[in-house]
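For reference, the structure is listed below as structure tokens.
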Amino acid sequence: ADGTPEQLLCRDARHNAVVVKLAADQAGDIVAGLTALDQVAGVDALGDPVNGTAAFRARPKAGASIVLPVGDLLRSRNVTPEEMYVERGHMDEVFRKITQGDPQGGADA
């Protein structure tokens, strides 16, 4: 696999994903809104709500930066997250896909 470290990190589906933690009673509305965004490939719950807080990951389509649309959605719904951050790809996941092949897209080598 050729490319810079940043290019390789872009191969991980979690690269540029946005993790949001917020009040569990607001999660359903926000997840529905995120799922409707053109730039979002999907939204994954990160476990069950704990102490009234839900966490989830919005995955971008084609590694696009989605932090601004996610932030805009939260502001438009007057929701202040407890935590929000952008994930970088994980090199170990990229190497696993390269060496073992990606079951969803074949080997990258």
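Quick notes on this structure:
- Cβ pairs under 6 Å, 6+ apart, first in region 17-40 and under 12 Å from Pro69 (Cα atoms), second basic (Lys, Arg) and part of a helix (DSSP H, G or I): Gln39/Lys61
- All of (1) modelled with pLDDT under 95; (2) among the acidic types (Asp, Glu); (3) over 16 Å from Asp25 (Cα atoms); (4) exposed (fewer than 13 other Cβ atoms within 10 Å of the Cβ) hold for Glu93 with one exception: (4).
- Cross-chain or 6+ apart pairs with Cβ under 8 Å, region 47-62 first and over 20 Å from Val86 (Cα atoms) and of a type in the set (S, T, N, Q), then in a strand (DSSP E or B) and modelled with pLDDT of 95 or more: none
- Subset of region 58-76 (residues that are more than 12 Å from Val40 (Cβ to Cβ) and surrounded by 13 or more Cβ atoms within 10 Å (Cβ to Cβ)): Gly63, Gly71, Leu74
- Unique match (being exposed (fewer than 14 other Cβ atoms within 10 Å of the Cβ) and not aromatic (Phe, Trp, Tyr)) among Ala32, Ala55, Ala27: Ala32
The values are calculated or read from the model by the stated rules, or taken from the named source; none is laboratory data. All values derive from a computational prediction rather than experimental measurement. Every residue, glycine as well, gets a Cβ built from its backbone with ideal geometry; the counts of neighbours run over all protein chains shown.
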